[in-house]
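Every number here is computed from the coordinates shown, using simple stated rules; none is lab data. Keep in mind it's a predicted model, so treat the numbers as computed, not measured. Cβ atoms come from the backbone with ideal geometry, glycine included; neighbour counts cover every protein chain shown.
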Amino acid sequence: MKTIFITGASTGLGKATAKLFASKGWKVIATMRNPENEKELNLIDHITLLPLDVTNPEQIAETTRKAIASGNVDVVFNNAGYGLMGPLESTTDEQLVRQLDTNILGVIRVTQAFIPYFREKQSGLFITTTSIGGLITFPFSSVYHATKWALEGWSESMAFELNKIGVGIKTVSPGGIKTDFLNRSADMSAHPAYEKWVTQMFSAINEDHFTPAGQIASVVYEAATDGKDKLRYVAGEDALALYAQRSQLGDEAFRKQMGQTFLAD
């Protein structure tokens, strides 16, 4: 029985992925900040809950030790993260640090904690949830995009060194997911000078085009099991369409089109 270790498993894509892998016969180590509050995953066979706040290096080390001690770990799915949106001018330093600490440093530290284990057995796979926001950008999400573009570049570079020790790394880049992301998993900054444009941008987002979390989880499962030496998996019809548009139009024409779509005068 193979095992996947998942961060950010209490809601959304993390929870959907835990349930899917368990249904496929995998052992799942589902981590979250407050596992004592979980009411669903704890009732499913072959799912073990462990506490993990990815902004806490000491807890990362301890939870990694517990996961490895519980048996063989084959896949680490770095999924914990959230979106910081709004004008940069009004974003506080606390918001900046929390976003970078969670979305970038959390992923890097969890990965670093597992590398010696994977290197020793010369196998293993890291999968990271990035975002279509790591391949294109939207207005008023600059710090969020900074983290997701960073993860894409970091993963591409890491692929070279991990390949030398028999370990893989992949990214899954979803578009909008029907998980109440904009209300539950987002932090906002606000400034009256930009309010008109921020409102305009959000009114242009059509959540009907978002993809159910279970469908994105299926892409994670594909990445974990297809055996391909492939780095990026763009997930969701909206993400695939936007990525194709950028490739077809070119960077500058696509950027101008996005401005006209979301911030038309």
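Summary table
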quantity: Residue-by-residue Karplus 3J(HN,Hα) for region 211-228, coefficients 6.51, -1.76, 1.60, Hz, glycine and proline x; calculated: 9, x, 4, x, 5, 5, 4, 5, 5, 4, 5, 4, 4, 6, 10, 7, x, 8
quantity: Nearest-20 debye value, the chain charge dipole, Cβ charges on Lys, Arg, Asp, Glu; calculated: 760 debye
quantity: Protection proxy ranking, peptides 104-110, 55-61, average beta carbon neighbours within 10 Å, highest first; calculated: 104-110, 55-61
quantity: Mean-position separation - Cα centroids, region 13-27 and region 121-153, in angstrom; calculated: 22 Å
quantity: Against the rule of thumb 2.2 N^0.38 Å, how large the Cα Rg of region 83-173 comes out; calculated: 1.21
quantity: Estimated inter-spin distance, Q122 and T225, nm [label 7 Å along Cα→Cβ]; calculated: 2.7 nm
quantity: Interchain or long-range residues, amide H under 5 Å from L84's placed H; calculated: Y144, D187
quantity: Sites S70 and Q95, calculated FRET efficiency, Cβ-Cβ separation with R0 30 Å, nearest 0.05; calculated: 0.25
quantity: Nearest 10 degrees, 0 to 90: helix 57-69 Cα axis against the chain principal axis; calculated: 40 degrees
quantity: Segment L88-N163, length gained on full extension (0.36 nm per residue, minus Cα span); calculated: 23.3 nm
quantity: Per-bin percent of Cα-Cα distances, region 1-105 [10 Å]; calculated: 15, 45, 27, 11, 3, 0
quantity: Net charge, A223 excluded, C-beta distance under 10 Å - Lys, Arg +1, Asp, Glu -1; calculated: +2
quantity: Given K15/K66; K27/K178; K170/K230; K2/K27; K170/K228, the pairs whose alpha carbons are separated by over 18 Å; calculated: K15/K66; K27/K178
